[in-house]
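Peer 1: One structure coming up, written as structure tokens, with questions to follow.
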Amino acid sequence: MATIRLPGLIDPHVHLREPGATHKEDYDSGTAAALAGGFTCVLDMPNNTPPITTAETLAAKQAAARLKARCDYGIHLGAGTDNIESAAWLAPQVTGLKMYLDQTFGPLRLDDLDSLIQHMDRWPDNRPVLCHAEGRTVAACIMAGHLTGKHVHICHVSRKDEIDLIRRAKDKGIQVTCEVTPHHFFLSEEDAPKIGPGRSEVRPRLAKGTDRSALRASLEVIDCFATDHAPHTLAEKDSPKPPPGFPGLETALPLYLELVREGLITIEGLIDRAVNNPRRIFDLPVQPETWIEVDEDADWIVRGAETFTRCKWTPFEGWTLRGRVLRVVLRGTEVYRNGEVLAAPGFGRDVRM
Ligand code: NCD
Ligand code: ZN
């Protein structure tokens, strides 16, 4: 057994479903899953019911998180057509402004170019704008960010044309960063039949093998790893109208370690993408006395039924993964050990408080 010590991982993109869909996940179960996966800080997305776009909805989410979160967290604000004037006032309380420009789960959506530009114009220059953008909308976001002087962060890049465009923008000195999920590194549309028709629904969709290869060949362009942990129940996933989304917090680290074993990045490169870059991009405080201990040689078989996420399934069901989190220490307190989450709900802190 080779135990390695890594800093607590930071996931800049999770959906903990509170408020509005706590049958899928809540701050309690979602942050337990985070700790089990080696994450000590997660940034939560605003596509809730109701969407987090106002001072009132933000306050309700903050209250739920304060009571229930077991690890540290930040909250991203949503960009809607209802908060073009007011979003910037809330910037000090959140970790970024999230814009949904393409179809995905939930009603939070910006459809017109004018709203996109108006949001970017008003948002503070020193805070990132996160974009759910696919294909041509990636170009629109990069251009809008460039013209308005904003830092645009492209979420869950899944395709060759997108990562190639981001590389070209970076080469021109444009301020843009991006993230890639473990499922887009390890799955493609060819895996969909095995996962199942409803269960394999995710946005962005599982792409072609050539896209997956392009992402793996572009690690120098990829700033962050992000799970896009998006739990839905099995009943929902297996229904005639399956919502898109995969849980990911509890399977991410062994997959990131696999990229190291494959020689695509170094362990330092992993730490940059899973800790240092998210901290820098989202301006997160250092978590003192915080680390994880990982048995990097331990093989284990993924079983959804054994996970902490409330949805209790995973697209990696039955996979043998290598690398297991043994222990997590957060701010000097042991919060996870050998399959048991020790931090109580309420232990987690809001990174902006
Ligand atoms: C996410 C969800 O379920 O909230 N679904 C997904 O397929 N990724 C929304 C999103 O991040 O697009
Ligand atoms: Zn997401």
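Where a number appears in this text, it was derived from the coordinates with a stated rule and is not lab data. The structure displayed is predicted, hence computed values, not measured ones. Counting neighbours? That spans all protein chains shown, and the Cβs are built from the backbone with ideal geometry, glycine included.
Peer 1: Go through the cysteines of the chain and tell me which have no other cysteine Cβ under 4.7 Å away.
Peer 2: Within the chain, the cysteines lacking a partner Cβ under 4.7 Å are C41, C71, C155, C178, C224, C311.
Peer 1: Based on the Cα gyration tensor of region 204-353, what are the three equivalent ellipsoid semi-axes, each the root of five times an eigenvalue, rounded to whole Å and given largest first?
Peer 2: Calculated on Cα positions only, the semi-axes equal 24, 22, 17 Å.
Peer 1: Would you calculate the volume per residue, in Å³, of the smallest convex hull containing every Cα atom of the chain?
Peer 2: Once divided by residue count, the hull of the chain is 118 Å³.
Peer 1: So what's the convex hull volume per residue for the Cα atoms of region 110-201, in Å³?
Peer 2: Normalising the Cα hull of region 110-201 by residue number yields 108 Å³.
Peer 1: Would you kindly state how much longer the chain becomes between E190 and D283 on full extension, computed as 0.36 nm times their sequence separation minus their alpha carbon distance, in nm to one decimal?
Peer 2: Going from the current span to full extension adds 29.7 nm.
Peer 1: Can you list the HN-Hα couplings for region 188-204, worked out from phi with the Karplus curve (6.51, -1.76, 1.60; θ = phi - 60°), rounded to whole Hz and with x for Gly and Pro?
Peer 2: Per residue, the Karplus-derived 3J(HN,Hα) values read 9, 4, 5, 7, 4, x, 5, 6, x, x, x, 5, 7, 5, 7, 10, x Hz.
Peer 1: Which one of Y73, A33, P46 has its Cα pushed farthest toward the positive end of the charge dipole of the chain, where Lys and Arg give +1 and Asp and Glu give -1 at the Cβ?
Peer 2: Y73
Peer 1: Another question, if that's okay. Filter K24/K237; K208/K312; K150/K170; K24/K68; K24/K241; K160/K237 down to the pairs with a C-alpha to C-alpha distance above 20 Å, please.
Peer 2: K208/K312; K160/K237
Peer 1: Same structure again: Nearest 500 deg cm²/dmol is fine: what mean residue ellipticity at 222 nm does the chain get from its DSSP H runs of n ≥ 4 alone, each adding -39,500 (n - 2.57), divided by its residue count?
Peer 2: -7500 deg cm²/dmol
Peer 1: What whole number of Å gives the distance from the Cα centroid of region 123-174 to the Cα centroid of region 55-79?
Peer 2: The distance from the Cα centre of region 55-79 to that of region 123-174 comes to 26 Å.
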